[in-house]
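Worksheet for the structure shown next.
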Amino acid sequence: MSSFAMHMAVHMGLVAVLAPLLAASMSGGRFDPAQRWPGSWLAAAWWPLAASVLEFLVVWAWHAPVLHALARHHPGFLLLEQAGFLVTGWLLWIAVLGDGGPEGRARTAAGALALLLTATHMTLLGVLFATAPRRLYAHGMAHGDAALLDQQLGGVLMLAIGGTAYLAGALVLLRRLLRHPGGTTA
């Protein structure tokens, strides 16, 4: 994948489209980890925040120049990178959308905060790519102004798709909290 913007479109498709769709389809069912293991840490109110931190670490690590170059030049590392994005994206979305059990209200609040934090770090990374005055990665097929424009387009895609998806998810959870101010959030 030589285009940075295309690489970013695939990344955003995994974490901001496919992962939430998978999580929403599994939420509350037999494949929801909180439903399957209600007494485990996967059902704890703090789990959405931990999943957000894990997703942050994976995303930012793969955007470090060395790991990013490995993923761009070696198909095995590209697969590992994209799988990491999908798995941590799914973990975050299932944590925020999944069954909250007895800690439902606290978990919903933690989920909203986790998605707002994720929207923030995705936005920061997108702004970094979109506004950098020079190429941040030396690899790729494009050179000169075309490479910089490709990088900037990738940043805009990250802002538009990632920022919007995570913010929308947080707003849905906040609405759920406001609709049920004293009770459960089911």
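Just so it is clear, none of the values below were taken in a lab; they were calculated from the coordinates. This structure is a prediction, so every number in the text was calculated from the model and none was measured. FYI the Cβ positions are ideal-geometry reconstructions off the backbone, even for glycines, and counts take in every protein chain you see.
Multiplying the residue separation of VAL87 and SER40 by 0.36 nm and removing their Cα-Cα distance gives an extension gain of 15.0 nm. The Rg/Rh ratio of region 43-117, with both radii computed over alpha carbons and Rh defined as the Kirkwood radius, is 1.11.
If the segment from ALA160 to PHE31 were pulled out straight at 0.36 nm per residue, it would be longer than the present Cα-Cα gap by 43.4 nm. When each of the peptides 73-80, 17-24, 151-158 is scored by the mean number of other C-beta atoms lying within 10 Å of its residues, the order from highest to lowest reads 151-158, 17-24, 73-80. The ranking of GLU81, GLU103, GLU55 by Cβ neighbour count inside 10 Å, starting from the fewest, reads GLU103, GLU81, GLU55.
Working note: Cα atoms of the chain, range along each principal axis, descending, whole Å: 57, 31, 21.
Here TRP93, TRP47 are placed in order of increasing Cβ neighbour count within 10 Å, fewest first, which gives TRP47, TRP93. Spacing of the modelled spin labels on LEU178 and TRP60, each 7 Å from Cα toward Cβ, amounts to 3.0 nm. Taking every C-alpha pair closer than 8 Å and separated by at least 6 residues, the mean separation divided by the residue count of the chain gives a relative contact order of 32 percent.
On C-alpha positions alone, give me the angle between the axis of helix 104-131 and the longest principal axis of the chain, in degrees, nearest 10. Result, in degrees: 10.
Put in order of Cβ neighbour count within 10 Å, fewest first, the listed residues LEU136, LEU97, LEU14 become LEU136, LEU14, LEU97.
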